[in-house]
Amino acid sequence: MTTKNLSRRLFPPLKTAGKHNDLKLGLGGAPLGNLFTEVSEADAQSIIQQAINDGCTMFDTAPHYGHGLSEQRFGYALRQLPRDSITLSSKVGRILTPSATAERDQLNFVNILPYNQHWDYSAAGVRRSVEDSLQRMGMSHLDVAFVHDCCSICHGDNYPKVLRQVIDEAIPELQKMKREGLIHAIGLGVNDVQVCLDVLKEAELDCILLAGRYTLVDHSGFAELLPICEQHGMRIAIGGVFNSGILATGVRDAEKKGDKLLFNYDSAPAIWVERVRAIEIVCEEFNVPLRAAALQFPLAHPTVDTVLLGANQLNHWADAVAMLQYPIPAAFWAKLKAQGLIPTSAPLPT
C-alpha cells in the first residue's frame, strides 16, 4: 500500500451556505429503503431535503436497501443538486433481478421493489451493479463504490472464497471503473473488522465505511484497523453509530417502556446492555444525552471524516443534528476513560 495525503477529506463539507457549514453527519439510506418499517415517499423526500438544508453532503445507499428503493429515492432528490456539491456512495456485491413473484417483505425490509437479490462479487457482477445503481439514481458516476458485506458474518464457511473473489475480481474491476470515471473512490462497506484487515493485506483502498465497530460502546476497530487506515491515508465513515439502536434508546428508558434492546440488528447481549448502562450513569452525572456522546465520540479520531445516520422520521434527523452540536465537558470523557468505558488512548472530542 502507498501512503496518501490525509489533508483532503474524502467526504467534504458543503461549500455553499447552509445551517451548518461543516456538518460531519451523513445520511444513511437503509431506513429509506423501508428497513423494519415503511416510510412514505413524501416522508422520505422530506428527510433527504432537510438533510440537504442542514448542510449534509454525504449520502450513502445500496441496492440491498429496499431492493433499489433507497437508491431511487436518493436519486430523485439529489439529481436537483450540483453534482460536485455532494458525495454519493452506493455498494456492490448484490445483484437485483426483476421478478413478478418476488416477496415484497425480505431481509428486514418491507414493501420493497419487485426484485430478488443474489450475491455476486465477480468482475461482471460488480460492473453490472454499478451500472444498475447509476440507472436507478439517474447519475453519471458514484463518488464511492463500497464492496458490501463481504465478511465471514454474512458468508460463513464460504468467506475464504468470497475474500479471494473480492481481491482478485471485484477490486480490480472497480479500479478499472475508477479509471473510466464511473466511480471516484473504492472502499469496503462492512460491519466487521477482520475482513478489512484481510483485504488490506493484498489490496489498496481509498476508504472504509465501518458500521458499528468504532462507536461509544464497541471499540473493536480501534486497536489495529484505525491505525493502519491513518498510516496509509484511508478515510473512514462510521455507520451504525448507535449500534442499531441501543445507543439511541439507552437502556433505562427502553427497559421502563418494555422495548426490545437492539444491538447489531438483534437482541442486545447482556455484556453490551451493562456497558451502556454504565455509560448512561456518567451521562446522567454530567447532563449529557447518550445520543450526543455516541455521535461525537467517533469523530475525534483523525481518520474519521463523518458519521452516518439512518433516519425514518424527520425528527430523528433533526435530533441528530442537535446532538452533534451539544456541548460536552472534557471531564465527561475523562471519567469514561477512568472507568475503562472507552480506550485510554482514544482521541477525544474538544
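For segment 115-136, the set of residues classified as loosely packed, with under 15 Cβ neighbours inside 10 Å and either among the acidic types (D, E) or touching a His at 6+ places or on another chain (Cβ under 9 Å) (or both) consists of N116, E131, listed by residue number. The residues listed here are A17, A102, A62; of these, the one that is of a type in the set (G, A, S), modelled with pLDDT under 95 and either under 29 Å from V126 (Cβ atoms) or exposed (fewer than 13 other Cβ atoms within 10 Å of the Cβ) (or both) is A17. Each residue in segment 68-81 was checked for being surrounded by fewer than 24 Cβ atoms within 10 Å (Cβ to Cβ) and either among the hydrophobic types (A, V, I, L, M, F, W, C) or modelled with pLDDT of 95 or more (or both), and 7 pass. Here the condition is being surrounded by 12 or more Cβ atoms within 10 Å (Cβ to Cβ), out of contact with any Ser or Thr (no Cβ under 9 Å at 6 or more places or on another chain), within 26 Å of S46 (Cα to Cα) and not basic (K, R); of Q339, Q313, it holds for Q313 alone. Checked against the criterion of being modelled with pLDDT of 95 or more and of a type in the set (A, V, I, L, M), the candidates A254, A248, A268, A293 yield just one match: A293. S90 passes every criterion in (1) of a type in the set (S, T, N, Q); (2) surrounded by 15 or more Cβ atoms within 10 Å (Cβ to Cβ); (3) over 29 Å from I167 (Cβ atoms) apart from (3).
Here S40 clears all of (1) more than 18 Å from A320 (Cα to Cα); (2) buried (at least 16 other Cβ atoms within 10 Å of the Cβ); (3) not charged (D, E, K, R) except the condition numbered (2). In segment 218-243, the residue that is farthest from the chain's Cα centre (by Cα) out of those that are crowded, with 24+ Cβ neighbours inside 10 Å and of a type in the set (V, I, T) is I236.
The values are calculated or read from the model by the stated rules, or taken from the named source; none is laboratory data. All values derive from a computational prediction rather than experimental measurement. Cβ coordinates were reconstructed from backbone atoms using ideal geometry, including for glycine residues, and neighbour counts include every protein chain displayed.
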